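Just below is one structure, and these are the notes that go with it.
Readers should treat all values here as calculations from the given coordinates under stated rules, not as data from a laboratory. The shown structure was predicted, so the numbers you read here are calculated from the model rather than taken from an experiment. Here the Cβ positions follow ideal geometry from the backbone for every residue, glycine too, while neighbour counts run over all protein chains shown.
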Amino acid sequence: MKVLDPASLLKIHRLMLQARALEERLIRMYKQNDGYFWIGGPGEEAFSIPLGTLIHKGQGLDYDFLHLHYRSASILLAMGAQPVDFLRQMKNTALDPFSGGRNFANHSSIKKWNVTPITSTIETQYSTAIGSGIAQRRHKETGGVVATFETTQVAPGYGNFFRIELSGERGTLAVHSDHPEELW
């Protein structure tokens, strides 16, 4: 097991605090009628921040593709997104870099980082992620190219995280879950 150095641990902790503060601010904005709609991921920072720090970001098939869902602001913050951009999206301003003010809060899209558009429907990212994985596999014969996304089932009592990795090196689809009995 790799042990993180103190600087990395502090960076992750700072990002986790920043992500939680952002989510709390978005909730306040929604309650003050400063946004039409809010749905986010407070409480998921411990999963999302480390994942975001591991992403090989860039544009094109040589980089990771992200097929995320609406609880993914922490992942994007760890990748370098600015908190103010999420506030702009919540207010539906033209300065919102994710959609120009045309999408719900936490429905981001960043072409230069291969973050595909987040849809309003849940769990539709699975089928497009498979396509990204196939394209990456055809592009590179070797390497650890991974298209990653995670989701939470929306039902009372559920907090199950799923992560699917499409690896160009292995050519396989690996599904990871807290509760594998619920995958099928």
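Dimensions of the stretch 1-58 from C-alpha coordinates, computed as largest minus smallest value along each principal axis and given longest first, are 45, 24, 17 Å.
Modelled label positions at residue 84 and residue 62, each set 7 Å beyond Cα in the direction of Cβ, lie 3.1 nm from each other. Measuring spread by the Cα atoms of the stretch 1-122 yields a radius of gyration and Dmax of 14.3, 46 Å.
Considering all different alpha carbon pairs of the stretch 56-99, the Kirkwood hydrodynamic radius works out to 11.6 Å. Cβ crowding within 10 Å ranks 99, 127 as 127, 99, fewest other Cβ atoms first.
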